[in-house]
């Protein structure tokens, strides 16, 4: 029986994410093999590991008990001859192990798409329900829009279109924070020092600040780069599209990381 189009689109999105992570991982593996102590390579490896963790968490349906999530966690462990976990493995070893985990995920996606029924613990990602990232959003009309923007931010990041990745991440961030503010009520927001007027008239910075003072989110937004805070400025948007260095890879990845922190704040059970 053919899989639903929505599931097919989700599989394609994940396949694109995994392909980008695999390419970056192979590059890191080569760099670390040549210079295991390279500070820049080790820093890039940490960022890559975080991105791998985000994708693996999504593919695992947020379940730490899922076989894929367990494989990801075990990649960081160095085991004794008896099999006991001792300490963290070396960066190069971790990269190689995570590459194996990513390849398992790619195979599982292929099995899922083909409808292959594989016995045992390798029965692909369908064991867990598909991720429901934005169920905490109260506006039913908003959910599919932020989901599409979120997926586009991930795709843009993997194709190294950093301006689009940042713009979509910030758009989702503003949308979900605005939804939370509206649900909280104006009287509660006023008590938290909110300005007068409609939420729609507040700046991006103001919405984030009020949400933090109202206790809806914590301090994760402090890490947002300056270009992300100005993302609604049409001049900056055009400049970002015309001059790629204006939005660096670090800017785009930081915006995405902050978005995930805020998503956890607004949906503690995720």
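Fewest to most neighbouring Cβ within 10 Å: what's the order for 136, 72?
With the sparsest Cβ surroundings first, the list reads 136, 72.
Report the extension gain between residue 73 and residue 196 in nm, rounded to one decimal, defined as 0.36 nm multiplied by the number of residues separating them, less their alpha carbon distance.
Result: 39.5 nm gained on full extension.
Hey, can you rank 59-68, 164-173, 191-200 by average C-beta count inside 10 Å, highest first?
164-173, 59-68, 191-200
Ranking 159, 133, 230 by Cβ neighbours within 10 Å, fewest first, what do you get?
By the 10 Å Cβ count, ascending: 159, 230, 133.
A short reminder: the numbers here are calculations on the coordinates, not readings from a lab. Quick caveat: nothing in here was measured; it's all calculated off a predicted structure. Backbone-built Cβ (ideal geometry, glycine too); neighbour counts: all protein chains shown.
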